[in-house]
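Quick notes on the structure that follows.
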Amino acid sequence: MMLIECPWCGPRNETEYGYGGEAHVAYPADPSALNDNEWAKFLFYRKNPKGLFAERWVHSAGCRRWFNAVRDTVTYEFKAVYKPGEPQPIKTTNAPAQGGTK
Amino acid sequence: MAEQVLTDISALRTSPLAHLASALVQGAVSGERGVGLREIAFTTQIGLRAEPGSAAHAALSAAAGVQLPSAVGQVSGSADGTAVLWLGPDDFLVVAPEGSELLGPLVDALGDEPGQVVDLSANRTVIEVSGPSARAVLEKGCPADLHPRAFAAGTAITTVLGPVPVLLWKTEAETFRVLPRASFADYTARWLLDGMSEFASDPVD
């Protein structure tokens, strides 16, 4: 069992959460201008770093809110959690783009 | 247009645990390891959505008669009267006794502001687990910390009990209210009865 800190509810069991994949994948500014290759890259291609990784999680059995987390993919340790729109407390290779903190 | 017939249909209602009424009574354990179960049926439940700090939030607080809770675990009002449970930062549940006329005033209070007032009365039933062993029964399947230092009387959280998503509301030191959705009520009650049965016999040292 692992405790994950929800930004709204505090520490809860990991069974209450759902995983949402890589965080800060920006929606294309003009989707219709993308070719199939670029669209596929946006939809399906995700980073898979060894080490710190910014991810989206949802507290599905609690407050049902999405939030971001920085997790170490080697040790599974959660280094930080932050609400959508908040600045990233620990820098990762997949940091939010300048001006946009989705 | 057909004439509207207003008939009191309350006599025709069946609560989600009506078929287990005698089992709930028989499953009760008395004594110092006691724990009992009862259904509080047909409570008025109203879902509220409003962003804290907005005009809608203030209007709903005024209409409900209690300030909407602002953080996880908080419950405004009283368990016997009108209570408002915190479900999320902008998501609340009003629980009031059967027949409360709260929906109309809340809908009027919201008006055209962004937000939501929905009658959810039949969505969840209320199962009250009480007695010295109540916490021990719930801890068999609830991953949240139910120790009094983390979960005091007068708080409520959204969590799971076994596999069932529930609202867990501690109204008194040894009294918990479990609010599963109506379709999960039968399973939840049987799960609790099963969990209670061990306390009927003496503890094994």
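All of the numbers you see were taken from the coordinates with simple rules; none came from a lab. What you see is a predicted model, and the numbers here were worked out from it, not measured in a lab. Cβ: placed from backbone, ideal geometry, glycine included. Neighbour counts: every protein chain shown.
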Distance in nm between pseudo-label sites at A:Thr73 and B:Leu120 (7 Å out along the Cβ direction from Cα): 3.7 nm
For a label point 7 Å along the Cα-to-beta-carbon line of B:Glu139, residues of segment B:179-205 with backbone N under 12 Å: none
Residues whose placed amide H lies under 5 Å from that of B:Val160, excluding near-sequence neighbours: B:Ala144, B:Val166
P(r), alpha carbons of segment A:1-62 - 10 Å bins starting at zero, rounded %: 18, 36, 29, 15, 2
Dipole magnitude (debye, nearest 20) for the protein assembly as shown, charges at Cβ of Lys, Arg, Asp, Glu: 980 debye
Vicinal HN-Hα couplings computed from phi for segment B:144-149 (Karplus, 6.51 cos²θ - 1.76 cosθ + 1.60; Hz; Gly/Pro x): 6, 6, 9, 4, x, 5
Largest to smallest principal axis extent of the C-alpha atoms in the protein assembly as shown, angstrom: 70, 64, 35
Per-residue Cβ neighbour rank within 10 angstrom, fewest leading, B:Arg149, A:Arg56, B:Arg190: B:Arg149, B:Arg190, A:Arg56
Qualifying lysines (Cα of each under 28 Å from Cα of A:Lys91; at least 8 residues distant if same chain): A:Lys41, A:Lys47, A:Lys50, A:Lys79, A:Lys83, A:Lys102
Peptide A:8-20 - average C-beta neighbours from other chains (10 Å radius): 4
Farthest positive-ward along segment B:43-122 dipole, Cα basis, beta-carbon charges - from B:Ala71, B:Ala55, B:Pro89: B:Ala71
Estimated distance in nm for a label pair at B:Tyr187 and A:Ser32, the labels positioned 7 Å out from Cα along Cα-to-Cβ: 4.6 nm
For q = 0.09, 0.11, 0.19 Å⁻¹, Debye-computed log10 I/I(0) when each Cα of chain B counts as one equal scatterer: -0.38, -0.55, -1.33
Shape of segment B:43-122, Cα gyration tensor, a/c cut at 1.5: oblate
Of the chymotrypsin sites (Phe, Trp or Tyr not before Pro) in segment A:41-78, those whose Cβ has at most 15 other Cβ within 10 Å and which sit in DSSP loop: A:Tyr45, A:Tyr76
Rounded to the nearest 20 debye, dipole of segment B:43-122 from Cβ charges on Lys, Arg, Asp, Glu: 180 debye
Helix B:182-196 vs. chain B, principal-axis angle (Cα, 0 to 90°, nearest 10): 30 degrees
Longest DSSP-loop-exposure-free segment, GluC sites (Glu not before Pro), chain B, at most 12 other Cβ within 10 Å: B:102-205
Label-to-label distance, nm, for residues given as A:Glu14 and B:Ser10 (7 Å Cα→Cβ offset): 5.0 nm
